[in-house]
Amino acid sequence: MTDNHHQTTPSGKPRARAFGISFDGTPGPFNAITDVPGVAVGYSTLISGDGALVVGQGPVRTGVTAILPRPHADLATPVFAGIFSQNGNGELTGSHIIEETGAFNFPITITNTHSCGVSRDATLHWMQRVLPAALDSAWGLPVAAETYDGFLNDINGHHLRFEHVAAALDGATSGSIEEGSVGGGTGMIAFGFKAGSGTASRIVEWQDQRYTVGAFVQANFGKRSNFTIRGLRAGPDLVEPAIRESTPHAEKGSIIGVVATDAPFLPHQVKRLARRVPLGVAMTGGFGYHSSGDIFLGFSTANREAALAPSGRIASADFVPDSEIDPFFDAVIQGVEEAILNALVANDDMTGRDGNFVPALPKAWLEGRFDASRQGT
């Protein structure tokens, strides 16, 4: 395995490490949430039209991201899980049963604010097709989350359809995955730059075992003045290039973060991982402002038999002691920070509805500020 996956996406877009930005911790082979065995990610990206907004026609700059926590045949098997809402100006469906039972099943989808219900319902239709037995005598409460893309996208046109969600679910893959303006991240903005989908992973060695912690973000948050890269307050240097507003750019930012691991954790411990996601966000300059929906989900693919909760006998689960969880907290914070920066770096300028324009994080500035000799792997 070369380190090319750490520096470029499958389509050749640069990732943060391509510019010599150094990070803490050891990434997995693909530096992605898909380094967690069994986890897969798929996208449907919808880009069409230019010019003045015509509701229902476009321009369209949106999509949906699908995260499968287990392989297809095992999607009905729950994963232990926990959620944390740092600022609840947003939506993540299925949150109540996760709080109640510490688990969920079925795929996760992330899209724009006004298509969250579509992606949720489409997931149920898809599950009925690929694993009908899972719904024969049970209900489904899939996880669907959202952030707002209405500055660039005809969000009230409701362009996301069931077939787009099905395509993202059908196309979900392990290994190296795309980042930037893809899937649900297509129309998203962070710190006044084009952002969207980003991912990273970390290896944690504990008691002679190697575990993976993977992070995925849909980044759509932050003020330019607060933007920070590895401790460098970059915002003051980056007044330009600026967003061009043909319509007002109201502050409606959010971030959805998903943390996956194959380490054995109980539900309360996975929730503790989710609680550390905001610390990674803060490392980049995100401070959870009023209108930001900052909602985070963690899950563990371990303890499969215990998560099934077999009737008629005691279920047993392995877990890392709480007193030794700190290295996994480090991994979450490190992975989330890098995932956000990857979402920004693997991107290009975008013009959307009414000519609204969002610049990409300038690559020339990155090349000038970070020493290529410090490239990490």
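The values are calculated or read from the model by the stated rules, or taken from the named source; none is laboratory data. It should be emphasised that the depicted structure is a prediction, and the values quoted were computed from it without experimental measurement. Cβ placement follows ideal geometry from the backbone for every residue including glycine, while neighbour counts extend to all protein chains displayed. Only protein heavy atoms, including side chains, enter the accessible area calculation; ligands, DNA and RNA are left aside. Shrake-Rupley method; radii C 1.70, N 1.55, O 1.52, S 1.80 Å.
Per-residue answers, yes or no, for (1) over 18 Å from the mean Cα position of the chain (by Cα); (2) of a type in the set (Gly, Ala, Ser); (3) in a loop (DSSP other than H, G, I, E, B):
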| site | (1), (2), (3) |
| --- | --- |
| Val213 | no, no, no |
| Val217 | no, no, no |
| Gly222 | no, yes, yes |
| Ser246 | yes, yes, yes |
| Ala250 | yes, yes, yes |
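Going by the structure shown, is Ala364 in a loop (DSSP other than H, G, I, E, B) and either more than 30 Å from Ser254 (Cα to Cα) or among the hydrophobic types (A, V, I, L, M, F, W, C) (or both)?
no
Quick one: count up the residues across region 352-366 that are open to solvent by 10 Å² or more (accessible area, probe 1.4 Å) and farther than 16 Å from Pro14 by Cβ.
Of the residues in that region, 4 qualify.
Restricting to region 225-236, name every residue that is open to solvent by 10 Å² or more (accessible area, probe 1.4 Å) and at negative phi.
Correct list: Ser225, Asn226, Thr228, Leu232, Arg233, Pro236.
So how many residues does region 83-124 have that are of a type in the set (Gly, Ala, Ser) and in contact with a Phe, Trp or Tyr (Cβ under 8 Å, 6 or more places away or on another chain)?
Here the count works out to 5.
Restricted to region 206-224, and to residues that are in contact (Cβ under 8 Å) with a residue 60 or more places away in the chain and either open to solvent by 30 Å² or more (accessible area, probe 1.4 Å) or hydroxyl-bearing (Ser, Thr, Tyr) (or both), which residue is farthest from Ile110 (Cα to Cα)?
Applying the filter and picking the extreme gives Trp206.
At least 1 residues that are β-branched (Val, Ile, Thr) and crowded, with 16+ Cβ neighbours inside 10 Å in each: list the helices (runs of 4 or more DSSP H) lying fully within region 253-335 that qualify.
Those helices (runs of 4 or more DSSP H) span 267-275, 277-283.
Can you run down the residue pairs with Cβ atoms below 8 Å, 6 or more apart or on separate chains, where the first is in region 230-258 and farther than 17 Å from Lys194 by Cα and at pLDDT 95 or above and the partner is of a type in the set (Gly, Ala, Ser) and assigned to a strand (DSSP E or B)?
From residues that are farther than 17 Å from Lys194 by Cα and at pLDDT 95 or above, the pairs are Gly257/Ala215; Val258/Ala215; Val258/Gly298.
Specify which of the listed residues (Arg276, Arg224, Arg272, Arg210) is farther than 20 Å from Val79 by Cα and among the basic types (Lys, Arg).
Arg224
Given the conditions (1) of a type in the set (S, T, N, Q); (2) at pLDDT below 95; (3) touching a helix residue (DSSP H, G or I) at 6+ places or on another chain (Cβ under 8 Å), which single one is not true for Gln207?
Gln207 satisfies every listed condition except (3).
Yes or no: Gly38 under 20 Å from the mean Cα position of the chain (by Cα), modelled with pLDDT of 95 or more and not charged (D, E, K, R)?
Criteria met by Gly38.
May I ask you to list pairs of residues, at least six apart or on different chains, whose Cβ atoms are under 6 Å apart, with the first in region 105-133 being in contact (Cβ under 8 Å) with a residue 40 or more places away in the chain and the second being in a helix (DSSP H, G or I) and polar (S, T, N, Q)?
Partner pairs satisfying both residue conditions: Pro107/Thr123; Thr109/Ser119; Thr109/Thr123; Thr111/Ser119.
Of the numbered conditions (1) at pLDDT below 95; (2) touching a Leu at 6+ places or on another chain (Cβ under 8 Å), Asp136 fails exactly one; give the number of that condition.
(2)
Can you tell me how many residues within region 336-351 are surrounded by 15 or more Cβ atoms within 10 Å (Cβ to Cβ) and either part of a loop (DSSP other than H, G, I, E, B) or of a type in the set (Ser, Thr, Tyr) (or both)?
Summing the residues that are surrounded by 15 or more Cβ atoms within 10 Å (Cβ to Cβ) and either part of a loop (DSSP other than H, G, I, E, B) or of a type in the set (Ser, Thr, Tyr) (or both) in region 336-351 gives 3.
With the structure loaded, tell me whether Ala18 is at pLDDT 95 or above and more than 19 Å from the chain's Cα centre (by Cα) or whether it fails that test.
For Ala18, the condition - at pLDDT 95 or above and more than 19 Å from the chain's Cα centre (by Cα) - is met.
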